[in-house]
Amino acid sequence: MNSENVKDSNFEKNILCIGGGYVGGSTMAVIAQKCPQYKVTVVDINSDRINQWNSDTLPVYEPGLDDIVQSIRGRNLFFSDDIDSGIKEADIIFVSVNTPTKTFGAGAGMAADLQYWEKTARQIRDASKSPKIIIDKGTLPVKTALAMERILTATNNDIHFDVLSNPEFLAEGTAINDLTNPDRVLIGSRETPSGIKAREELVALYRNWVPEERIITSDIWSTELSKLTANAFLAQRISSINAMSALCEKTDANINEIAHAIGMDNRIGSKFLNASVGFGGSCFKKDILNLVYLCRYYGLDDVADYWESVVRINDYQKERFIFNMLHTMFNTLVDKRICLFGFAFKANTGDTRESPAIDIAKRLVEERAEIIITDPKALENAKIDLADIEGKIHYIEDPYEAAKGCDAIAVMTEWEMYTTLDYEKIYQSMSKPAFIFDGRDLLDHKRLFEIGFNVYPIGKPRFSHFKDK
Ligand code: UDX
């Protein structure tokens, strides 16, 4: 170890994470909790975000995360905006910076924007004074670890870097459990003696709490591609069930019955078969578009078309939802008041990235409806998402107040709290005829119908009081 490596003698190892977002923050909190012998530091260029990590209001909402951070922050978990010092001190560096879809130039709208990631690689190279293991934690297109290696070694100094890929499979809302009890941890390295040694170090870190048989190792490219494939398969399942939901609505079949019947086949499995208004979140669309871009790059247009159709069906599902509302509410939404129940891309998170609610809200405004948005955690993000939209948009946290005087409720997010509301009271306060469009098949449709609502679920027969149903 180089003498310039500043080491805190109280700890066995110094671990750094560059990027204090959902993945970086939650993963490091769990590593620090499970490995008190390591010092874990999270750095970010955004000092506001770091200040939030150091405050009582963390920058991300994730069940269980607050408790962990509060119990170990300042003990072996630290948050800082001094990236260079963090790099100097570290033995192991996780890189978890964002790689959004490119909005400009070649591959715009498809390829990953690697500018933050490349700047980070250069910063690691320039600030390092001792050998390090660099771990690529983000979802990146294949061969990025190789590019990182090239940047890191493109200097005259003889510092050795080993680059590993260790994709994160956590889902928001269940991040702490996913990290504590992962189905698997995947680590990719070069098959060189030094690559294998670095990989063993990371295996040893995870062994602190993950059973040996769940830690799998592979070559670096297969590891990177596994992450894209996992997300593509998961999103494909949702588009498949959503595609069937359209057929169910035309034929009076029930998508829940179908999901139950096919889910009992072990080969298919029962998870991830909930029909919805569409999938959202920061990963699915981005990763699939990335995969599509890769396939096109290699001339595999048929394969690219296949995966692209998963995103196309997702857009179709949202448009179908709007068309259904429009058609049902007498072919005009002008000045109708529509209440969106939920804005987060799924329950138990305040995250609204790629939330289907964004597209639904924009389309409703295009139809000149007045929209009232309610959500227990995501209202601040909703305001940011819709800041540029000109139209009548209101944000009200209390769902009873939000629904008052509305013509329709559209359920966007499967928040548990929406299942226990007093719908009798809500019905009384709404304009008649009152409609519910349940984009998550969350509510008790029969009961709502009995109260007086006209109910339009996804992929199920509707409950309508109109004679011409
Ligand atoms: C996903 C992957 O699950 C995770 O492994 C990866 O690391 C990151 O991307 P996340 O985006 O946090 O995680 O959420 P996820 O629970 O997968 O849900 C994604 C979207 O699909 C949400 O909008 C959700 O509401 C929707 N969904 C999920 C459905 O519409 N139906 C389902 O059956 C499941």
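The values are calculated or read from the model by the stated rules, or taken from the named source; none is laboratory data. Predicted model only: the values in this text are computed from it and were never measured. As a convention, Cβ positions derive from the backbone with ideal geometry for all residues, glycine included, and neighbour counts pool all protein chains shown. Side chains are part of the model used for accessible areas, which takes the heavy atoms of the whole protein and leaves out ligands, DNA and RNA. Shrake-Rupley method; radii C 1.70, N 1.55, O 1.52, S 1.80 Å.
Details
- Tally of residues being open to solvent by 50 Å² or more (accessible area, probe 1.4 Å) and either within 12 Å of the ligand (Cβ to nearest atom) or touching a residue at least 40 places away in the same chain (Cβ under 8 Å) (or both) across segment 318-354: 5
- Looking only at segment 158-173, and only at residues there that are of a type in the set (Gly, Ala, Ser) and open to solvent by less than 30 Å² (accessible area, probe 1.4 Å), the one that is modelled with the highest pLDDT: 165
- Looking only at residues in segment 72-109 that are of a type in the set (A, V, I, L, M), open to solvent by 10 Å² or more (accessible area, probe 1.4 Å) and out of contact with any strand residue (DSSP E or B) (no Cβ under 7 Å at 6 or more places or on another chain), the one that is nearest to residue 281 (Cα to Cα) is 108.
- Of everything in segment 270-295 that is more than 8 Å from the ligand (Cβ to nearest atom) and open to solvent by 20 Å² or more (accessible area, probe 1.4 Å), the residue that is nearest to residue 410 (Cα to Cα) is 285.
- Looking across segment 424-441, the residues that are charged (D, E, K, R) and part of a loop (DSSP other than H, G, I, E, B) come down to 432, 440, 441.
- Flag if residue 322 is closer than 18 Å to residue 233 by Cα and modelled with pLDDT of 95 or more: no
- The residue that is surrounded by the most Cβ atoms within 10 Å (Cβ to Cβ), counting only those in segment 366-377 that are modelled with pLDDT of 95 or more and out of contact with any helix residue (DSSP H, G or I) (no Cβ under 7 Å at 6 or more places or on another chain), is 369.
- Annotation for segment 202-221: at least one member residue is exposed (fewer than 14 other Cβ atoms within 10 Å of the Cβ), assigned to a loop (DSSP other than H, G, I, E, B) and more than 16 Å from the ligand (Cβ to nearest atom).
- Among the conditions (1) surrounded by fewer than 19 Cβ atoms within 10 Å (Cβ to Cβ); (2) within 18 Å of residue 277 (Cβ to Cβ), residue 400 misses just one, which is (2).
- Looking only at segment 222-237, and only at residues there that are under 20 Å from residue 285 (Cβ atoms) and polar (S, T, N, Q), the one that is surrounded by the fewest Cβ atoms within 10 Å (Cβ to Cβ): 229
- Top-ranked residue in segment 416-433 [being of a type in the set (Asp, Glu) and touching a helix residue (DSSP H, G or I) at 6+ places or on another chain (Cβ under 9 Å); ranked as nearest to residue 400 (Cα to Cα)]: 422
- Any chance residue 37 is open to solvent by 60 Å² or more (accessible area, probe 1.4 Å) and more than 20 Å from residue 182 (Cα to Cα): no
- Residue within segment 149-157 that is under 29 Å from the mean Cα position of the chain (by Cα) and open to solvent by 40 Å² or more (accessible area, probe 1.4 Å) present: no
- Subset of segment 254-273 (residues that are touching a helix residue (DSSP H, G or I) at 6+ places or on another chain (Cβ under 7 Å) and either part of a loop (DSSP other than H, G, I, E, B) or closer than 21 Å to residue 464 by Cβ (or both)): 254, 255, 268, 269, 270, 272, 273
- Residue match in segment 137-155 (condition: at pLDDT 90 or above and under 24 Å from residue 44 (Cβ atoms)): no
- Helices (runs of 4 or more DSSP H) wholly inside segment 1-112 containing at least 3 residues that are under 27 Å from the mean Cα position of the chain (by Cα): 22-34, 47-53, 65-72
- The set of residues from segment 174-184 being surrounded by fewer than 21 Cβ atoms within 10 Å (Cβ to Cβ) and within 25 Å of residue 220 (Cβ to Cβ) comprises 178, 182, 183, 184.
- Complete set of residues in segment 238-262 that are crowded, with 18+ Cβ neighbours inside 10 Å and either among the charged types (D, E, K, R) or within 10 Å of the ligand (Cβ to nearest atom) (or both): 238, 239, 241, 242, 249, 259
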